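The values are calculated or read from the model by the stated rules, or taken from the named source; none is laboratory data. Here the structure is a predicted model, which is why all the values come from computation and not from measurement. Methodologically, a virtual Cβ is constructed for each residue, glycine included, from the backbone with ideal geometry; neighbour enumeration extends over all protein chains shown. Keep in mind that these areas ignore ligands, DNA and RNA; they rest on the heavy atoms of the full protein, side chains included. Shrake-Rupley method; radii C 1.70, N 1.55, O 1.52, S 1.80 Å.
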Amino acid sequence: MTSLDTLPAPAAPPRRHGRGMSPVVRLSAGFLVAVVGVALLADWLAPLHYTTQNLAARLKPPLFESGGVTHWLGTDQLGRDILSRLIFAIRTSILIAVAGTLIGAVFGTLLGFVAARCRGLVDQTIMMAVDAQAAIPALFLALTMLAFFGNNILLFIVLVSIDGWDRYTRLARGLVVSEQESDYINAVEGLGASTARVMLGHLLPNIVAALVVQATLNFPGTILLETSLSFLGLGVQPPETSLGLMLGEGRRYLLNAWWIAVFPGLAIFLTTLSMSLFGDWLRDRFDPTTQRN
C-alpha cells in the first residue's frame, strides 16, 4: 500500500489573470481619485477665481521658471491664473465627460435590451442604426449638429454622449441574448415574472460588470471628443473654461508662453492614459474571456 506521505500534494487552484493591481495601475487609480477630488473641490482648491484678470501680470512664467509665488503655474495672455483655470477646467471637462458617458451608456444599454427581447424587425432596425452610427465619425457628426443647432451646454453634453452608445448596444444585446438561454431565466419566466422584473432584477445585475468595464474604456474617448470640440472653439465657450478651451487658447503662445497650453495638455494626457490603464485592468479583472490560468 502507498503511504499518505508518498502521495503527491494536491495541485494548487489555478490563479486568475489580472487579479492583483500592478504599481502602474495603482498609480493610475490614485491619479484618477486625485482628479475627481480636484473636480469636486475646485471652489476651495483654486487660489483665485478663473475669470479674474490682471493685465499687469500677463504672461508671467511658472514658479519654477523664476515666476512669482502668487501664480505657481504662471498666467495667460489676460493675466488669469493658470492654476486656478486648470482646476476649474478639470472640473468642467470631467463633468461633461461623465455626463456624456452615463447618457450614452444608459441609452445604448436600453436599446440593447430592447433589441434582445423583441428580436425580429425591432432588432434588425436597432442594429442597422448601430451599424450606421459606427460608420460615422463622432467628431464629424458633432460638428454637423453644432452647425445646425448652435451651441449650448445641454446640446454639447448630448453630442458628447453620442460617442460610444453603439458599443453599449452591441454589448448589452449580446449578453442579454446569451443570458436569456440560461436555466434561471427560464425558471423565473416560468414563475410568471414580468419582463421588467426579468430585465432589471435578473439580467441587468449579471451584465453590469461588463457594462462598467466598457464605460471605463469609452471614457478616454469621451474626454478627447470634448476637448477636441472645445479646442476648435465649438465646445465650452468663454468665460467658462475647459481643458480643450485652454489648449486652444494657448496654441498661439507656444513659443513665448508654453505653459498656457502645456499644463492643460498634460492634464488631458495623464487623465486619458490613467483611465485607459485602469479600464484595461478592469477588463482583465472581470471579463472571463481574458482570464488565463
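Listing for the model above:
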read-out	value
Identity of the residue in the range 60-96, aromatic (Phe, Trp, Tyr) and farther than 19 Å from residue 248 by Cα, that ends up least open to solvent (accessible area, probe 1.4 Å)	64
Selected residue (only one of 243, 273 is open to solvent by 40 Å² or more (accessible area, probe 1.4 Å), within 18 Å of the chain's Cα centre (by Cα), within 29 Å of residue 169 (Cβ to Cβ) and at pLDDT 90 or above)	273
Conditions (1) open to solvent by 50 Å² or more (accessible area, probe 1.4 Å); (2) in contact with a strand residue (DSSP E or B) (Cβ under 9 Å, 6 or more places away or on another chain): number failed by residue 57	(1)
Test for residue 107: is it open to solvent by 40 Å² or more (accessible area, probe 1.4 Å), in a helix (DSSP H, G or I) and out of contact with any Pro (no Cβ under 8 Å at 6 or more places or on another chain)	yes
Residue that is touching a Ser or Thr at 6+ places or on another chain (Cβ under 6 Å), within 30 Å of residue 176 (Cβ to Cβ) and open to solvent by 40 Å² or more (accessible area, probe 1.4 Å), where the choices are 219, 278, 286	278
